[in-house]
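Let me begin by presenting the structure, written as structure tokens, before commenting on it.
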Amino acid sequence: AVGNEAGSCEISDLKQVEGEASCNSRKGKLIFFYDWNITLSWTGTMKESGEKHEGSVEIPNLSEENEVDDTEISVSKKKGDGEVLKELMRTEGTSKVREALRDYLKVLKTEFTLGMILPTKTSAGPELAVKKKLSENNVQVCWL
């Protein structure tokens, strides 16, 4: 939710989400592909009159090709007055939406990818302890 002396606004609904996200592992590196078209609904209330207004927020191309700050976000309002609320959503509201998009991408790149890259024989990471047993020239690898 965002607000100022004129009123307050909040995202009220996730109207539409189209697209996909995937993650691939190539040569020990994670490669992310995502392309989303998102439509949100917003509602706002004028402080003095209590008048309610609503509109939508469109994110037509959230993809790995653009940084979140460069992603296009457009705000529209249904008929009637309330341009002040639309402007509030366009400025402060889009900042909040960008924060949420950053949070999503952070989760996509951390939690979604857990366990995708496994250590190899040559690149033992901190999760892998190599224990050498000199007897009979054996080498044992133990997972911690």
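Brief remarks follow.
- Restricting attention to region 41-53 and to residues that are in a strand (DSSP E or B) and over 20 Å from the mean Cα position of the chain (by Cα), the residue that is nearest to LYS77 (Cα to Cα) turns out to be HIS53.
- Checked against the criterion of being in contact (Cβ under 8 Å) with a residue 12 or more places away in the chain, surrounded by 14 or more Cβ atoms within 10 Å (Cβ to Cβ) and in a strand (DSSP E or B), the candidates SER22, SER56 yield just one match: SER56.
- Yes/no for ILE38 being part of a strand (DSSP E or B), among the hydrophobic types (A, V, I, L, M, F, W, C) and within 14 Å of THR94 (Cα to Cα): yes
- Candidate set from region 105-115 (those that are within 8 Å of the chain's Cα centre (by Cα) and loosely packed, with under 13 Cβ neighbours inside 10 Å); member that is modelled with the highest pLDDT: LYS106
- Test result for SER76, closer than 30 Å to THR110 by Cβ, surrounded by 12 or more Cβ atoms within 10 Å (Cβ to Cβ) and among the small types (Gly, Ala, Ser): no
- Figure legend. Inter-residue proximity from region 94-121: first residues farther than 14 Å from ILE11 by Cα, second residues surrounded by 13 or more Cβ atoms within 10 Å (Cβ to Cβ) and modelled with pLDDT under 70, beta-carbon distance below 9 Å, spacing 6+ or different chains. Indicated pairs: PRO119/LEU128.
- Of all residues in region 79-104 being outside any helix (DSSP H, G or I) and surrounded by 11 or more Cβ atoms within 10 Å (Cβ to Cβ), the one that is farthest from the chain's Cα centre (by Cα): ASP81
- Filter result for THR43 (surrounded by 14 or more Cβ atoms within 10 Å (Cβ to Cβ), within 23 Å of PHE112 (Cβ to Cβ) and not acidic (Asp, Glu)): no
The values are calculated or read from the model by the stated rules, or taken from the named source; none is laboratory data. Here the structure is a predicted model, which means the values were calculated and not measured. FYI the Cβ positions are ideal-geometry reconstructions off the backbone, even for glycines, and counts take in every protein chain you see.
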